[in-house]
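K.L.:
Can you keep this structure in mind? I'll have questions shortly.
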Amino acid sequence: MVAVAHGSRDPRAAATVAALLDAVRARRPDVPVHASFLDHAPPAPDRVLDGLARDGADEAVVLPLLLTAAYHSKTDIPGVLNRVRALHPRLRLRTAETLGPDPLLIDALERRLSDAGVEAGDPDTAVVLVSAGSSDPAANAVIARLAREWRARGWRGVVPAYASAARPRPAEAVAALLDAGAPRVAVASYFLAPGYFADKVRAETLAAGAAAVSPVLGAAPEVADLVVRRYTEALETARAAAAG
C-alpha cells in the first residue's frame, strides 16, 4: 500500500499521517504500508513507487488519504500513475477510492467532537461541518450532502462551511446559526491532519462564538478502519476485473 496524503509544511501533519498508518499496520500486519505526500513534504509518491518497482515489487495499491474526490484525486494522482507506468510498465498499479464520503467518517467526526466535550447528537447543539473547500463544485456538494445526512443523528442542525474556495466560511456559518437561535454551536473539523487551515478555522470560529472545535480526524480508529477497507476494495475490484 502506498498511501498518498496532501502534505504540509507543518511537521504535525506528517506525524499525524505516520500515526494513522501505524494504526493501519496494526490492523494489517501482512501488508507493507508506505507513506507519501503530494506537496511540501517527502517522499513523493513517484519516488516511493519507483523504489518499490526497482526492489522487485510487481503490484501496488495507491490509496489517497483524501477526504473528498477533487483536484488531487482527479488530476494529481492520475498524473503520478501515468509517470510511474511509463517508467515501470510491469508494475501493476491499483488505485483505491478516496476516504470520503463514508459513514465511518461521520462516526470519526462524532468521536472528535466528543473529545472536545460535545455529546453526540445533542439536540441543543448545531454543528458546522468544515472542510478545506475546493474549486470543484462537486467536491463541495459532497460536504453539503454529508451535512444533511448527519443532521438526522439528532443534532439541532448541521451546516457545511469551507475554509477556502467556497462559502459560507466557517465563522460566517457559526454566526448565522447563533443568530438563528442555536443555544450552542460546535465546529466539526473535517481535516485529516493539523495545519494552516485547521488552525485558522479554530481561531476564527471560536472568535465568532463557537462553543467547541473538534480536533482533526487524524488516527481515529474509524479512519484506520476505512483505510483498510479502501485497500481491500481496490484489490477486490482488480481481481473481479481480471476474472471477468
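The values are calculated or read from the model by the stated rules, or taken from the named source; none is laboratory data. Source: prediction; values computed, not measured. Every residue, glycine among them, receives a Cβ derived from its backbone with ideal geometry; neighbour counts consider all protein chains shown. Surface areas here come from the heavy atoms of the whole protein model, side chains and all, with no ligands, DNA or RNA. Shrake-Rupley method; radii C 1.70, N 1.55, O 1.52, S 1.80 Å.
K.L.:
Can you name every residue in the range 58-93 that is over 25 Å from S134 (Cβ atoms) and open to solvent by 60 Å² or more (accessible area, probe 1.4 Å)?
P.N.:
Of everything in the range 58-93, those that are over 25 Å from S134 (Cβ atoms) and open to solvent by 60 Å² or more (accessible area, probe 1.4 Å) turn out to be D58, E59, R85, A86, L87, P89, R90, R92.
K.L.:
Right, another one. Do you know which of the residues in the range 22-44 that are open to solvent by less than 30 Å² (accessible area, probe 1.4 Å), in contact (Cβ under 8 Å) with a residue 40 or more places away in the chain and not in a loop (DSSP other than H, G, I, E, B) is farthest from V61 (Cα to Cα)?
P.N.:
Restricting to residues being open to solvent by less than 30 Å² (accessible area, probe 1.4 Å), in contact (Cβ under 8 Å) with a residue 40 or more places away in the chain and not in a loop (DSSP other than H, G, I, E, B), the top hit is A23.
K.L.:
Within the range 178-198, can one find any residue that is out of contact with any Ser or Thr (no Cβ under 6 Å at 6 or more places or on another chain), more than 22 Å from R25 (Cβ to Cβ), modelled with pLDDT of 95 or more and of a type in the set (K, R)?
P.N.:
No: the range 178-198 contains no residue that is out of contact with any Ser or Thr (no Cβ under 6 Å at 6 or more places or on another chain), more than 22 Å from R25 (Cβ to Cβ), modelled with pLDDT of 95 or more and of a type in the set (K, R).
A quick yes/no check of all residues on (1) under 13 Å from the mean Cα position of the chain (by Cα); (2) part of a strand (DSSP E or B):
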residue	(1), (2)
R12	no, no
V17	yes, no
G56	no, no
L63	yes, yes
L66	yes, no
L99	yes, no
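K.L.:
Of (1) at negative phi; (2) out of contact with any Lys or Arg (no Cβ under 6 Å at 6 or more places or on another chain); (3) open to solvent by less than 60 Å² (accessible area, probe 1.4 Å), P101 satisfies all except one. Which?
P.N.:
All conditions pass for P101, except number (3).
K.L.:
Test E204 against the criterion of being touching a residue at least 12 places away in the same chain (Cβ under 8 Å), of a type outside the set (A, V, I, L, M, F, W, C) and closer than 15 Å to V24 by Cβ, and give yes or no. Walk me through how you get there before you give the answer.
P.N.:
On the way: touching a residue at least 12 places away in the same chain (Cβ under 8 Å): yes; of a type outside the set (A, V, I, L, M, F, W, C): yes; closer than 15 Å to V24 by Cβ: no.
Considered against the rule, which asks whether it is touching a residue at least 12 places away in the same chain (Cβ under 8 Å), of a type outside the set (A, V, I, L, M, F, W, C) and closer than 15 Å to V24 by Cβ, E204 comes out as no.
K.L.:
Just a yes or no: is a residue in the range 167-186 under 18 Å from G121 (Cα atoms) and in contact with a Pro (Cβ under 8 Å, 6 or more places away or on another chain)?
P.N.:
no
K.L.:
Please list, ordered by residue number, the helices (runs of 4 or more DSSP H) wholly in the range 105-217 having 2 or more residues that are among the acidic types (D, E) and surrounded by fewer than 22 Cβ atoms within 10 Å (Cβ to Cβ). Break it down stepwise before answering.
P.N.:
On the way: elements: 137-151, 170-179, 196-207.
Counting at least 2 such residues, we get 170-179, 196-207.
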